[in-house]
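Q: Sharing a structure below in structure tokens format, with a few things to ask.
The values are calculated or read from the model by the stated rules, or taken from the named source; none is laboratory data. Worth saying up front: this structure is predicted, and the values here are computed from it rather than measured. Glycine gets a Cβ as well: all are built from the backbone with ideal geometry, and neighbour counts include every protein chain shown.
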Amino acid sequence: MKTPVHVAVTGAAGQIAYSLLFRIAAGDLFGPHQPVVLKLLDIPSAERVLEGVGMELDDCASPLLHGIEVSSDPSDVFDGAEAVFMLGATPRGPGMERRDLLQVNADIFSAQGRALDEAASRRVRILVVGNPANTNALIAQRNAPGLAPECFSAMTRLDHNRAIGLLARHCGCNVADIARVAIWGNHSPSQYPDLHHALVKGRPALEQVDPAWYVDEFIPTVQQRGASVIAIRGKSSAASAANAALDHMRSWFLGTPKDDWVSMAVASDGSYGIAEGLMFSFPVAVENGRFRIVQDLPLNAFSRERLRLTEAELLEERAMVSHLI
Ligand code: NAI
């Protein structure tokens, strides 16, 4: 029997976790032969809910689930963790400005960054989902100097999946026929869903769709998809977010197909002229457990301008939390 992988999940009493945890326990993260220990973190006021989630996990009788640990102390939950899903964040309340939201979450992610630094495995892979995800990931990373910056990422895989789904529906094909879609920048409406390199059935996507549809419908629909789900469902995306989080981690642990890539927000190394250190979504390929930013994609003036806009937003967010990083 393999040694269990320790998987930590923050915000474990929340709605994304309620979709995610049961899939991890069922083997959807590492496959049917890899046991896991789930380490669950939430705030003390969510203790009863978390206890109930733990009861339901027990009731799944999953042979892969070798243990459940529950705590409201990040150092306990991150101890020895090799995969960390950071879902826990404070939502935007009534009358709250973006600056206030950034500030309250900045405090959470700086404290949890320090706890990761202290306790997590040195090989840990960390995915920040809680919003504002890119800047939260930056704060956590800067507060964990003992971990390589490559241990940290933020989620734009849901945007990536949304883009693939929308393109497939428009072209009347299967999602498996689509490759090389890219999300650049921030997980926010400033993101740039890029089809210039995308392929549909092996042929350039932009030769198969109306350019006006791409600019006027495709891009804003992907950018606003989260808000549309809230408007219609009355709650933010949860099952699709959990699914994307699993996709993200599976790609990171197990690799990407040779002729394709995924979108991940990772610390910029200056690729494509993006300010170094920003947690910026790039097309990335993963081999042997290590990601690399896909290089040398030609960017036309339209794409360069879109990258600049989303980079400007991330620089502004970084400036608002500069005292914590
Ligand atoms: P939720 O509100 O249902 O759950 C959040 C949980 O985090 C709650 O149980 C809360 O008690 C907990 N929490 C708050 N502060 C915490 C702390 N300091 N430590 C540990 N836990 C803490 O929210 P939901 O729907 O599960 O979403 C989680 C986050 O993911 C939100 O910030 C949401 O905006 C974000 N999100 C990001 C997406 C992305 O694509 N990057 C997509 C969808 C949601």
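Q: Counting only residues that are more than 20 Å from Gln15 (Cα to Cα) and in a helix (DSSP H, G or I), which one in the stretch 67-103 is farthest from the ligand (Cβ to nearest atom)?
A: Within the stretch 67-103, the match that is farthest from the ligand (Cβ to nearest atom) is Arg99.
Q: A further question follows. Here is a list: Gly95, Gly130. Which entry is surrounded by fewer than 16 Cβ atoms within 10 Å (Cβ to Cβ), of a type outside the set (A, V, I, L, M) and outside the structural domain of Ala242 (by TED's automatic domain parsing)?
A: Gly95 is the lone residue from the list that is surrounded by fewer than 16 Cβ atoms within 10 Å (Cβ to Cβ), of a type outside the set (A, V, I, L, M) and outside the structural domain of Ala242 (by TED's automatic domain parsing).
Q: While we're here: Within the set of pairs 6+ apart or on separate chains, which have a first residue in the stretch 118-142 that is under 16 Å from Arg99 (Cα atoms), a second that is within 15 Å of the ligand (Cβ to nearest atom) and of a type in the set (Asp, Glu), and C-beta atoms under 6 Å apart?
A: Thr135/Glu317
Q: Picking from Ser251, Ser240, Ser263, which residue would you name as being touching a residue at least 24 places away in the same chain (Cβ under 8 Å), under 17 Å from Asp159 (Cα atoms) and assigned to a strand (DSSP E or B)?
A: Just one listed residue meets the conditions, Ser263.
Q: With the structure loaded, tell me whether Pro257 is within 30 Å of Gln34 (Cβ to Cβ) and either part of a loop (DSSP other than H, G, I, E, B) or touching a Leu at 6+ places or on another chain (Cβ under 9 Å) (or both) or whether it fails that test.
A: Here the answer is yes, as Pro257 does meet what is asked.
Q: Continuing with the same structure: Here are some conditions: (1) part of a loop (DSSP other than H, G, I, E, B); (2) within 16 Å of the ligand (Cβ to nearest atom). Ser62 meets all but one. Which one does it not meet?
A: Single failed check for Ser62: (2).
Q: Here's something else I'd like to know. Run down Phe218, Phe253 and say which single residue is closer than 30 Å to Glu316 by Cβ, more than 11 Å from the ligand (Cβ to nearest atom) and not β-branched (Val, Ile, Thr).
A: Among Phe218, Phe253, only Phe218 is closer than 30 Å to Glu316 by Cβ, more than 11 Å from the ligand (Cβ to nearest atom) and not β-branched (Val, Ile, Thr).
Q: I would also like to ask the following. Check the stretch 158-180 and report whether any residue there is within 15 Å of the chain's Cα centre (by Cα), assigned to a strand (DSSP E or B) and either within 16 Å of the ligand (Cβ to nearest atom) or more than 15 Å from Tyr214 (Cβ to Cβ) (or both).
A: Scanning the stretch 158-180, I find no residue that is within 15 Å of the chain's Cα centre (by Cα), assigned to a strand (DSSP E or B) and either within 16 Å of the ligand (Cβ to nearest atom) or more than 15 Å from Tyr214 (Cβ to Cβ) (or both), so the answer is no.
Q: Does Ile16 qualify as being hydrophobic (A, V, I, L, M, F, W, C) and crowded, with 18+ Cβ neighbours inside 10 Å?
A: Yes; evaluated as a whole, the condition is true for this residue.
Q: Given (1) closer than 24 Å to Lys235 by Cβ; (2) among the small types (Gly, Ala, Ser); (3) touching a strand residue (DSSP E or B) at 6+ places or on another chain (Cβ under 9 Å); (4) within 11 Å of the ligand (Cβ to nearest atom), where does Gly54 come up short, assuming only one miss?
A: Failed condition: (4).
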